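Following: one structure in structure tokens, then a few remarks.
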Amino acid sequence: MSTLRETGGDAILVAGGARAILLQIANPAVGAGVAAHSDFSARPLDRLHGTLMYCYAQAYGTDADRAAVARRVNTAHGPVSDAAGAASPAYSAFDPALQLWVAATLYDTAVQIHDLVFGPLPAPAADELYREYAALGTGLQMPAELWPETRSDFRAWFDAEVDRLDVTPDAARVAAQLLTLGQAPLWLRASLPVVRLVTAGLLPPRLREPFGFRWTPRQQRRFARMLRVVRVIWPAVPRGIRFLPVRYYLRRLRG
């Protein structure tokens, strides 16, 4: 079994979903596209469902599954484009560079969650996982050569990209929608305090304040306590339960 198949379907990785989205929309072109074409208030789970279905199809699906999910994504991406304007940059969901950034945030977030909960992978497995995550971009329009060659290359590139991120008014508005979900079901809104704590704890520190998070020593202690509990409990959960989302989303894709 590949390292991606061994680790990529673990439901604990979903805990980093909001962190990945915030990193994505802090790229001004991605933020402008999401702001213009997504509505987290009215359809709070649409982006999560679409992203998980795509990721699981790439990691666990057949060639037919990957072709089907790529068609779905490309159809959804069709309207997501606009020329540069006075207040926003040009963007297109088919832009390979933007697809690289989205795939990179998913990889970086997944590795961060995995390392925090289970500990770092051995270097050979970590290298294999890194190479396999390129499929999230190459499954669409991203050429393989855009994916940095090694993990160290990726880290240098990714950190430089994070330093250039900018939380624009578009990004701040999308983040507010994502982290309040005023029209969402009560059960989903009830989980948001934990989502906000986890998201803030996982974000690069310089992005917390621009996204509206107030990070105090008390919150750091709460985050650390939560991690200690999760590190004990989650690895003991049977794999069949931890990987339930994979089966659910593949059935949904094929249905």
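The string of couplings for the stretch 188-196 from the Karplus curve (6.51, -1.76, 1.60, θ = phi - 60°) is 6, 5, 5, 7, 5, x, 5, 4, 5 Hz, one whole number per residue in order, with x for Gly and Pro.
In the context of the full set of protein chains, the chain has a per residue accessible area of 50 Å² (1.4 Å probe). Residue separation of Arg231 and Leu186 scaled by 0.36 nm, minus their Cα-Cα distance, works out to 13.4 nm of gained length. Each peptide in 116-122, 30-36, 3-9 gets a packing score, the mean of other Cβ atoms within 10 Å over its residues, and the list from highest to lowest is 30-36, 3-9, 116-122.
What do you reckon, how do Arg254, Arg247 stack up by accessible area (1.4 Å probe), largest on top?
Values: Arg254 140, Arg247 105 Å².
Result, largest first: Arg254, Arg247.
What is the percent of Cα-Cα separations in the stretch 11-114 that go past 19 Å? Write out the running numbers ahead of the final one.
Details: 2434 of 5356 pairs.
Beyond 19 Å sits 45 percent of the P(r) for the stretch 11-114.
Between the stretch 8-27 and the stretch 92-132, the C-alpha centres lie 10 angstrom from each other. For the stretch 128-167, just say rounded, prolate or oblate: build the C-alpha gyration tensor, square-root its eigenvalues into a ≥ b ≥ c, call rounded for a/c under 1.5, and beyond that prolate if a/b exceeds b/c, oblate if not. Oblate shape, in that a/c is at least 1.5 and b/c is the bigger or equal ratio.
What's the local net charge at Asp39, with K and R +1, D and E -1, over the other residues with C-beta under 12 Å away?
That works out to +2.
Taken about its Cα centre, the chain carries a charge dipole of about 1380 debye when Lys and Arg each add +1 at the Cβ and Asp and Glu each add -1 at the Cβ. The fraction of accessible area contributed by carbon and sulfur in the chain is 59 percent, rounded to a whole number (1.4 Å probe; ligands and nucleic acids excluded).
For Arg221 and Ala126, compute 0.36 nm times the residue count separating them, minus their Cα-Cα distance, and round to one decimal in nm.
Values: separation 95, 0.36 × 95 = 34.20 nm, distance 2.90 nm.
31.3 nm is the gain from fully extending Arg221 to Ala126.
For every helix of n ≥ 4 consecutive DSSP H residues, a contribution of -39,500 (n - 2.57) applies; sum these over the chain, divide by its total residues, and give [θ] at 222 nm rounded to the nearest 500 deg cm²/dmol. If you can, show how the numbers build up before the last one.
Values: 16 runs with 170 residues, N = 255.
Result for the chain: -20000 deg cm²/dmol, rounded to the nearest 500.
Going by a ≥ b ≥ c, the root eigenvalues of the Cα gyration tensor, does the stretch 113-255 fall in the rounded group (a/c under 1.5), the prolate group (a/b larger than b/c) or the oblate group? Judged from the Cα gyration tensor, the stretch 113-255 comes out rounded (a/c under 1.5). Shape class for the chain: rounded, because the ratio a/c of the largest to smallest gyration tensor axis (alpha-carbon atoms, square roots of eigenvalues) is under 1.5.
The values are calculated or read from the model by the stated rules, or taken from the named source; none is laboratory data. Since this is a predicted model, take the numbers as computed values, not measurements. All Cβ positions, glycine included, derive from the backbone under ideal geometry; neighbour counts span all protein chains shown. Remember, those area values only see protein heavy atoms, side chains included, never the ligands or the DNA or RNA. Shrake-Rupley method; radii C 1.70, N 1.55, O 1.52, S 1.80 Å.
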